[in-house]
1. What do you reckon, is THR103 in contact with a helix residue (DSSP H, G or I) (Cβ under 7 Å, 6 or more places away or on another chain) and not aromatic (Phe, Trp, Tyr)?
2. Within the group THR131, THR126, which residue is in contact with a Gly (Cβ under 7 Å, 6 or more places away or on another chain), within 15 Å of LEU53 (Cα to Cα) and at pLDDT 85 or above?
3. Given the options THR98, THR131, THR157, THR78, name the one that is free of Cβ contacts under 8 Å to residues at least 12 places away in the same chain and polar (S, T, N, Q).
4. If we keep just the residues of the range 84-93 that are surrounded by 18 or more Cβ atoms within 10 Å (Cβ to Cβ) and in a loop (DSSP other than H, G, I, E, B), which is modelled with the lowest pLDDT?
5. From PHE125, PHE130, PHE94, which residue is of a type in the set (Phe, Trp, Tyr), within 18 Å of GLN158 (Cβ to Cβ) and in contact with a Ser or Thr (Cβ under 9 Å, 6 or more places away or on another chain)?
6. So, of the residues in the range 28-83 that are modelled with pLDDT of 75 or more and among the small types (Gly, Ala, Ser), which turns out to be most open to solvent (accessible area, probe 1.4 Å)?
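The values are calculated or read from the model by the stated rules, or taken from the named source; none is laboratory data. If you're wondering where the values come from, they're calculated on a predicted model, not measured in any experiment. Cβ placement follows ideal geometry from the backbone for every residue including glycine, while neighbour counts extend to all protein chains displayed. Surface areas here come from the heavy atoms of the whole protein model, side chains and all, with no ligands, DNA or RNA. Shrake-Rupley method; radii C 1.70, N 1.55, O 1.52, S 1.80 Å.
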Amino acid sequence: LIKARLRTPQVGFILYVMEHNRITAKIGILAIAMLLASSADVRADSIHIVRNLTFGEFATRDNDSPHTILVDASNNATYDPALLQITPAERGEFLLETFPPSTPLSISIPDTNLTLNGGGAGIHFTISNFTHNNPVTDPSGDATLYLGATLTTTGSTQHYGTGNYSEGIEITINY
């Protein structure tokens, strides 16, 4: 069993806060993720971002209870009624190259909290329930990974401050 550990330095999105049916504050921005691989058999240049996982642009009407956006590996997005879609969420797409041929790849990603400016403290959004397409490499050792997840507000009644919400996520590939 060999693991390829990939790290995305930042994951984020754009959020607008709704007050009295008006957009009043702009929060967050989608950061372009870079993947780094560390394994004897996998080079950093064998993982290519085709499209980042994004929750698009949306507005939140309140934070009185947890609200979610789900984007699945098939690129279907579902928004909680308290979250108003401005631009659509989209699954992530990654091209994996130079892995062993005709091999199933097992993907695991721990839940991640996105905090203001990546500071690790304060009010956050949780990214969890990562989904993917169970990639299997072709005879050349290549595969496409489609990645989805769920974004959840805290539901704490606290207001989100203006700024970038981001944290790194770690993707582990076992083969």
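1. Details: in contact with a helix residue (DSSP H, G or I) (Cβ under 7 Å, 6 or more places away or on another chain): no; not aromatic (Phe, Trp, Tyr): yes.
No: the conditions fail for THR103.
2. Working: THR126 fails: in contact with a Gly (Cβ under 7 Å, 6 or more places away or on another chain).
Unique residue meeting the criteria: THR131.
3. Working: THR98 fails: free of Cβ contacts under 8 Å to residues at least 12 places away in the same chain; THR131 fails: free of Cβ contacts under 8 Å to residues at least 12 places away in the same chain; THR157 fails: free of Cβ contacts under 8 Å to residues at least 12 places away in the same chain.
From the options THR98, THR131, THR157, THR78, the qualifying one is THR78.
4. Applying the first criterion (surrounded by 18 or more Cβ atoms within 10 Å (Cβ to Cβ)) to the range 84-93 yields 89, 91-93.
Adding the requirement that they be in a loop (DSSP other than H, G, I, E, B) leaves 89, 91.
Working: ALA89: 89, ARG91: 92.
Checked the range 84-93; the qualifying residue modelled with the lowest pLDDT is ALA89.
5. Details: PHE130 fails: within 18 Å of GLN158 (Cβ to Cβ); PHE94 fails: within 18 Å of GLN158 (Cβ to Cβ).
Criteria check complete, one pass: PHE125.
6. Within the range 28-83, the first condition is being modelled with pLDDT of 75 or more, and the residues that meet it are 46-83.
Right, trim to among the small types (Gly, Ala, Ser) and you get 46, 56, 59, 65, 73-74, 77, 82.
On the way: SER46: 1, GLY56: 8, ALA59: 0, SER65: 50, ALA73: 16, SER74: 83, ALA77: 46, ALA82: 12 Å².
Selected residue: SER74.
For every residue, the table says whether it meets (1) at pLDDT 95 or above; (2) surrounded by fewer than 19 Cβ atoms within 10 Å (Cβ to Cβ); (3) not in a loop (DSSP other than H, G, I, E, B).
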position	(1), (2), (3)
LEU95	no, yes, yes
GLY118	no, yes, no
TYR160	no, no, no
GLY163	no, yes, no
ILE169	no, no, yes
